[in-house]
Amino acid sequence: MMYGLIGYPLSHSFSQRYFTEKFAKEERDGYSYRNFPITDIDKLRGLLEQHPCLCGFNVTIPYKEQIIPYIDEMDVTASDVRAVNTVRVVRCGDDLFLKGYNTDVYGFRRSLEEWFVALDVDLPQNALVLGSGGASKAVVCALSGLGIAASVVSRREGKMYEQLNAKDFAACHLIVNTTPLGMFPKVGECPAIPYQYLTERHYLYDLVYNPEETVFMLKGIERGALVHNGKRMLHLQADKAWEIWNL
């Protein structure tokens, strides 16, 4: 049985390693997980036809929203978020049925709760969410479920990066980077926010996990902020995807 990941590029992803190790540990002979770096979402149908053993796949940048027109049915969370990162493939002869899910919401929420429990501090009331793509929508949904008001900051919608000021940072002690800025191989990049307003009262969560310490995180450390990367979220959302594929 085959599972996989679609997106482009995929050089940053640890998903293949994670599932390969998981299958070996659980002694699941005949199971495999492959990366499928497709340059256009229109190539999805051909991919599914080429690999008739593909039973499910994860979706990453930039297709979490673009894949929706190809999905036959979405679960409640994916419908609410309007972003899909996990797909279950049901085959009946030559017919394909694709059901979309969003496990990012679960992964982010659980990992954030675990982090703050470990720190022995209360969750903040307000957060800045950097980026407006599919991952951002999942984060905003998760934060809302935790009673945290989120303000989206991006280059395209909501407040712009350059519009952030000291009052924004004083009001929002949690800052979540949902953009790919700083992700391998472009490790020198980071969101263009005014880092001088960060203090030791801030918590920076970067969904990027490769590298484990991004420029975004390092700039926070320089100002005394506590930081967290997206590796735990990756593991949690992957395990939830595995549950879905085995329904």
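A few points about this structure:
- Relative contact order (%) - criterion: Cα under 8 Å, at least six apart; region: the chain: 16
- All distinct Cα pairs of segment 105-233 go into the 1/r average, and the inverse of that average, the Kirkwood radius, is 14.3 Å.
- The lysines within cross-link reach of residue 22, meaning a Cα-to-Cα straight distance under 17 Å and a gap of 8 or more places when in the same chain, are 231, 240.
- From its DSSP helices (H runs of at least four residues, each -39,500 (n - 2.57)), the chain gives a residue-normalised ellipticity at 222 nm of -9500 deg cm²/dmol.
- Unit charges on C-beta of K, R, D, E only; dipole of the chain, Debye: 320
- Dipole in debye (nearest 20) - segment 105-233, about Cα centre, beta carbon charges: Lys, Arg +1; Asp, Glu -1: 340
- Segment 95-150: C-alpha pair distances exceeding 13 Å, %: 64
- Positive-end extreme of charge dipole, segment 53-128 - chosen from 100, 115, 81 (charges on Cβ): 100
- Separation between Cα centres of segment 99-113 and segment 138-189, rounded to whole Å: 17
- Over the chain - Rg/Rh using Cα atoms and the Kirkwood inverse-distance radius: 0.98
- Cα-based values for segment 2-102, radius of gyration first and Dmax second, are 13.3, 36 Å.
- Here's the picture: charge each Lys and Arg Cβ at +1 and each Asp and Glu Cβ at -1 in the chain, and of 37, 90, 5 the one pushed furthest to the positive end of that dipole is 37.
No value in this document is a laboratory result; all are computed from the given coordinates. Keep in mind that this is a model prediction, so the values were computed, not measured. Here the Cβ is made from the backbone with ideal geometry for all residues, glycine too, and neighbour counts use every protein chain on show.
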